[in-house]
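Trainee: Below are the structure tokens for one structure; questions will follow.
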Amino acid sequence: MLLKRNTVLPGFRLAGGFTVFYLSLIVLIPLGAMFVRASSLTWGSFWEIVTAPRVLASYKLSLGTAFAAASINAVFGFLVAWVLVRYPFPGKKLVDALVDLPFALPTAVAGISLTTLYAPKGWIGQFLEPLGLKVAFTPLGIVVALVFIGLPFVVRTVQPVLEEIEKESEEAAESLGATRWQTFRLVIFPCLVPSLLAGFAMAFARGLGEYGSVVFISGNMPMKTEITPLLIMTKLEQFDYPGATALGISMLAASFLMLLVINLLQWWSGKRLGRG
Amino acid sequence: MSVVIGKRESIRTRAVQCAFIAAALLFLFFFLGIPLVSVFYEALHEGLRAYGSALVTADARSAIFLTLLVAGIAVPLNLVFGIAAAWLIARFDFHGKSLLLTLIDLPFSVSPVISGLIYVLIFGMQGLLGPWLFDHDIQIIFAVPGLVLATIFVTFPFVARELIPVMQQIGSEEEEAALLLGASGLQTFLRVTLPNIKWGLLYGVILCNARAMGEFGAVSVVSGHIRGKTNTMPLHVEILYNEYNFAAAFAMASVLTLLALATLVAKSLVEWKFADARGGSVRYVATMEKKIS
């Protein structure tokens, strides 16, 4: 690292040295070790592990449920953000604070609570059972858990952008004769698209890796309701370290891809807002 | 005529508003409200005595103690790191800054299971350092050090991520003035920087602590689930639940839920306090940081 600008402030070496040291020790070296570990696998055996039928089924399930949950969150998270920013109602501050509950609540607690609620005899499950809807111990249950986990991501990315949208452009549209729906569709919504997509991508990324809340409600049946993180766990418990490493690498690659997408979306969102 | 249309339209607008509010609240009620209430119902419906006794068993007490211990080590370490990283990034210009920011963020985008896995691959029996550690009789995986490491990893970015935008927003003029007036670096930090960033710091610590105490996936991988030895509170919840001891599982879960609620209250208080102090909101820092940096 090279210092570009002279400053009177002290501590560059100390802060820099400690930051890099701690970052390497906790994050970079351990993550790197996983790649070192994986390098003992041949490309063929790596490929065999990450494309085994049971693994492919877990990818499909993880991707599908995370996508479904993120989509539900995109719709309802948007609605919640809209209502919180635009409309007055009693208890708003409380509701606003409660939106962060999934961030604060340990995932295991969310898991057992949702499982109990959606089990066939649970508070919610007993009403769904006669309709032929089984939620707990099916992929639908995984979606429910991921909706819970991902909700704050969409609300908290859309909300600040919605707050910052300039009232002038909206008023201009309305004074020029646009209906409310037209104003929303042509003026407000385009400003929100990048942040909505960023929130969706964050909820999706979180859903892919989520473990704690899902293991309780999913039932964990191989090929049916077994998510990829759980499969890693299973391989570890069977001391199949190469298998766990290979799967870990494939999940890490997915995370990096999502991180890149999220960064691009946020950059786009910032740019759109800066112009708008 | 136009007044009538205006009135009719405003009634319609109000109706649409109410429908939206109702739909949003109903969604939140089903996905947040009911799960929250059900934790306490399930914990208490076998009576207060059962509730109390579930929390004072030897295993429960050791789980509570272990959770406090792990958070007590992980949070201060990440606090020190957060201050150092924020000082570095918010006060100096150097090449590779955005790469450094991305790397600090990395643990947030890694699955909790992988956060545990990487330490098992290093320190576990078949790990890179496993044989050496075994020869020297040092146990990290399936022991407290592993729990601490995994917890540090998953809570790694919290404090740094809150502090960086706060320090960038405040700017370095006051610190430069103090230094030019003859204060030492340490004095400047303690008397100028620290009072300025205290709310942001507290905010980061609150979030970091909540995650540290509640983490499940990562610690689950490294813990080995040894009752009374390597079980934190969330892992104890899992064990009780899998033994069909639901009342006790929910009793422990309710303690964690109270912790989450306390976190939300503390967080909201700091947000309001911070908004007063800075004329802005710290709330969105977590999500908007990338825009600033």
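The values are calculated or read from the model by the stated rules, or taken from the named source; none is laboratory data. From a predicted model like this one, the values you see are computed outputs, not experimental measurements. Here Cβ is always computed from backbone atoms with ideal geometry, including for glycine, and neighbour counts include all displayed protein chains. For accessibility, only protein heavy atoms count, side chains too; no ligands or nucleic acids. Shrake-Rupley method; radii C 1.70, N 1.55, O 1.52, S 1.80 Å.
Trainee: When you go through (1) facing chain B (nearest Cβ under 10 Å); (2) at pLDDT 95 or above; (3) under 22 Å from B:ALA218 (Cβ atoms) one by one for A:LEU61, which number turns out not to apply?
Mentor: Among (1) facing chain B (nearest Cβ under 10 Å); (2) at pLDDT 95 or above; (3) under 22 Å from B:ALA218 (Cβ atoms), the lone unmet condition for A:LEU61 is (1).
Trainee: Are any residues in region B:206-216 of a type outside the set (Lys, Arg) and farther than 16 Å from B:ALA253 by Cβ, and if so, which ones? Before you say what the answer is, go through the steps one by one.
Mentor: Our first condition is that a residue be of a type outside the set (Lys, Arg); within region B:206-216, this holds for B:206-210, B:212-216.
Residues satisfying the conditions are B:ILE206, B:LEU207, B:CYS208, B:ASN209, B:ALA212.
Trainee: Then there is this: Inspect all residues belonging to region A:214-236 and state whether any of them is touching a Lys or Arg at 6+ places or on another chain (Cβ under 9 Å) and within 11 Å of chain B (Cβ to nearest Cβ).
Mentor: yes
Trainee: Which of the residues that make up region B:142-171 are over 16 Å from B:GLY200 (Cα atoms) and open to solvent by 10 Å² or more (accessible area, probe 1.4 Å)?
Mentor: B:PHE142, B:ALA143, B:VAL144, B:PRO145, B:VAL148, B:LEU149
Trainee: Being aliphatic (A, V, I, L, M) and open to solvent by less than 20 Å² (accessible area, probe 1.4 Å) is the filter here, so list the residues in region A:109-123 that pass it. Walk me through how you get there before you give the answer.
Mentor: Here is the first cut: in region A:109-123, the residues aliphatic (A, V, I, L, M) are A:109-110, A:112, A:114, A:117, A:119.
Answer for region A:109-123, where residues must be aliphatic (A, V, I, L, M) and open to solvent by less than 20 Å² (accessible area, probe 1.4 Å): A:VAL109, A:ALA110, A:ILE112, A:LEU114, A:LEU117.
Trainee: Looking at A:PRO190, is it surrounded by 15 or more Cβ atoms within 10 Å (Cβ to Cβ) and of a type outside the set (D, E, K, R)?
Mentor: Details: surrounded by 15 or more Cβ atoms within 10 Å (Cβ to Cβ): no; of a type outside the set (D, E, K, R): yes.
In short, no.
Trainee: Regarding A:LYS93, is this residue modelled with pLDDT of 95 or more, more than 30 Å from B:PHE246 (Cα to Cα) and among the charged types (D, E, K, R)? Spell out how you get there, then give the answer.
Mentor: Values: modelled with pLDDT of 95 or more: no; more than 30 Å from B:PHE246 (Cα to Cα): yes; among the charged types (D, E, K, R): yes.
No: the conditions fail for A:LYS93.
Trainee: Among the residues of region A:240-270, which ones are open to solvent by 60 Å² or more (accessible area, probe 1.4 Å), free of Cβ contacts under 8 Å to residues at least 60 places away in the same chain and either farther than 28 Å from A:SER39 by Cβ or at the interface with another protein chain (Cβ under 7 Å from one of its Cβ atoms) (or both)? Show your work before the answer.
Mentor: If we filter region A:240-270 for residues that are open to solvent by 60 Å² or more (accessible area, probe 1.4 Å), which is where we start, we get A:256-257, A:260, A:264, A:267-268.
Restricting the remaining residues to those that are free of Cβ contacts under 8 Å to residues at least 60 places away in the same chain gives A:256-257, A:260, A:264, A:267.
A:LEU264, A:TRP267, listed by residue number.
Trainee: For A:LEU63, all conditions in the list (1) surrounded by fewer than 20 Cβ atoms within 10 Å (Cβ to Cβ); (2) over 27 Å from B:ILE104 (Cα atoms); (3) of a type in the set (A, V, I, L, M) hold save one; what is the number of the exception?
Mentor: The one condition A:LEU63 does not meet is (2).
Trainee: Looking at A:VAL20, A:VAL27, A:VAL80, which is the one that is farther than 27 Å from A:PHE148 by Cα, buried (at least 20 other Cβ atoms within 10 Å of the Cβ) and facing chain B (nearest Cβ under 10 Å)? Reasoning before the result, please.
Mentor: Values: A:VAL20 fails: buried (at least 20 other Cβ atoms within 10 Å of the Cβ); A:VAL80 fails: farther than 27 Å from A:PHE148 by Cα.
Answer to the selection: A:VAL27.
Trainee: Now for a different question. Looking at region B:34-93 only, could you name the residues that are basic (Lys, Arg) and either in contact with a Cys (Cβ under 9 Å, 6 or more places away or on another chain) or within 13 Å of chain A (Cβ to nearest Cβ) (or both)?
Mentor: Within region B:34-93, the first condition is being basic (Lys, Arg), and the residues that meet it are B:49, B:61, B:91.
Listed by number, the list holds a single entry, B:ARG91.
Trainee: Is it true that A:ALA203 is within 20 Å of the chain's Cα centre (by Cα), open to solvent by less than 20 Å² (accessible area, probe 1.4 Å) and modelled with pLDDT of 95 or more?
Mentor: Working: within 20 Å of the chain's Cα centre (by Cα): yes; open to solvent by less than 20 Å² (accessible area, probe 1.4 Å): yes; modelled with pLDDT of 95 or more: yes.
Yes: the conditions hold for A:ALA203.
Trainee: Moving on. In a helix (DSSP H, G or I), over 26 Å from A:SER250 (Cβ atoms) and not charged (D, E, K, R): which single residue out of B:ILE164, B:ILE138 fits that description?
Mentor: Numbers: B:ILE138 fails: in a helix (DSSP H, G or I).
Sole residue among the options that is in a helix (DSSP H, G or I), over 26 Å from A:SER250 (Cβ atoms) and not charged (D, E, K, R): B:ILE164.
Trainee: Does B:THR67 satisfy the condition of being of a type outside the set (Asp, Glu) and farther than 30 Å from B:HIS236 by Cα? I'd like the intermediate steps shown before the answer.
Mentor: On the way: of a type outside the set (Asp, Glu): yes; farther than 30 Å from B:HIS236 by Cα: no.
So B:THR67 fails the test.
Trainee: Related question: If I ask for residues that are over 20 Å from B:THR155 (Cα atoms), β-branched (Val, Ile, Thr), within 12 Å of chain B (Cβ to nearest Cβ) and buried (at least 24 other Cβ atoms within 10 Å of the Cβ), which ones from region A:136-151 would you list?
Mentor: Correct list: A:VAL144, A:VAL147.
Trainee: Further question on the same structure: Output the qualifying pairs, or none if there are none: Cβ atoms under 7 angstrom, residues six or more apart or on different chains, first residue in region A:114-142 and closer than 14 Å to B:PHE30 by Cβ, second residue open to solvent by less than 70 Å² (accessible area, probe 1.4 Å) and among the aromatic types (Phe, Trp, Tyr).
Mentor: Note: pairs meeting the criteria are A:LEU114/A:PHE148; A:ILE124/A:TYR118; A:GLY125/A:TYR118; A:VAL135/A:TYR118.
Trainee: Still on this structure, I have one more. Which members of region B:228-278 meet the condition of being more than 11 Å from chain A (Cβ to nearest Cβ) and open to solvent by less than 60 Å² (accessible area, probe 1.4 Å)?
Mentor: Start the filter on region B:228-278 by keeping residues that are more than 11 Å from chain A (Cβ to nearest Cβ), which leaves B:228-231, B:243-245, B:247-248, B:251, B:270, B:273-278.
Residues satisfying the conditions are B:GLY228, B:THR230, B:ASN231, B:ALA247, B:ALA248, B:ALA251, B:VAL270, B:PHE274, B:ALA275.
Trainee: Turning to a different aspect of this structure: Assuming A:LEU231 fulfils every condition listed in (1) closer than 25 Å to A:SER113 by Cβ; (2) open to solvent by 20 Å² or more (accessible area, probe 1.4 Å) apart from one, which condition is it?
Mentor: For A:LEU231, the failing item is (2).
Trainee: State which residue pairs qualify: first residue of a type in the set (S, T, N, Q) and inside region B:44-67, second residue not in a helix (DSSP H, G or I) in any location, beta carbons under 8 Å apart, and separation of 6 or more residues or different chains.
Mentor: B:SER62/B:GLY228; B:SER62/B:LYS229; B:SER62/B:ASN231; B:THR67/B:THR232
Trainee: Still on this structure, I have one more. For region B:114-124, enumerate the residues that are more than 18 Å from B:PRO157 (Cβ to Cβ) and either open to solvent by 10 Å² or more (accessible area, probe 1.4 Å) or in contact (Cβ under 8 Å) with a residue 40 or more places away in the chain (or both). Working first, answer last.
Mentor: Our first condition is that a residue be more than 18 Å from B:PRO157 (Cβ to Cβ); within region B:114-124, this holds for B:117, B:120-124.
B:LEU117, B:VAL120, B:ILE122, B:PHE123 - these are the residues of region B:114-124 that are more than 18 Å from B:PRO157 (Cβ to Cβ) and either open to solvent by 10 Å² or more (accessible area, probe 1.4 Å) or in contact (Cβ under 8 Å) with a residue 40 or more places away in the chain (or both).
Trainee: If we scan region B:215-226, do we find a residue that is hydroxyl-bearing (Ser, Thr, Tyr) and within 11 Å of chain A (Cβ to nearest Cβ)? Show your work before the answer.
Mentor: We begin by selecting, within region B:215-226, every residue hydroxyl-bearing (Ser, Thr, Tyr); these are B:220, B:223.
Pick out the ones that are also within 11 Å of chain A (Cβ to nearest Cβ) and you get B:220.
Taking every residue of region B:215-226 in turn, at least one turns out to be hydroxyl-bearing (Ser, Thr, Tyr) and within 11 Å of chain A (Cβ to nearest Cβ).
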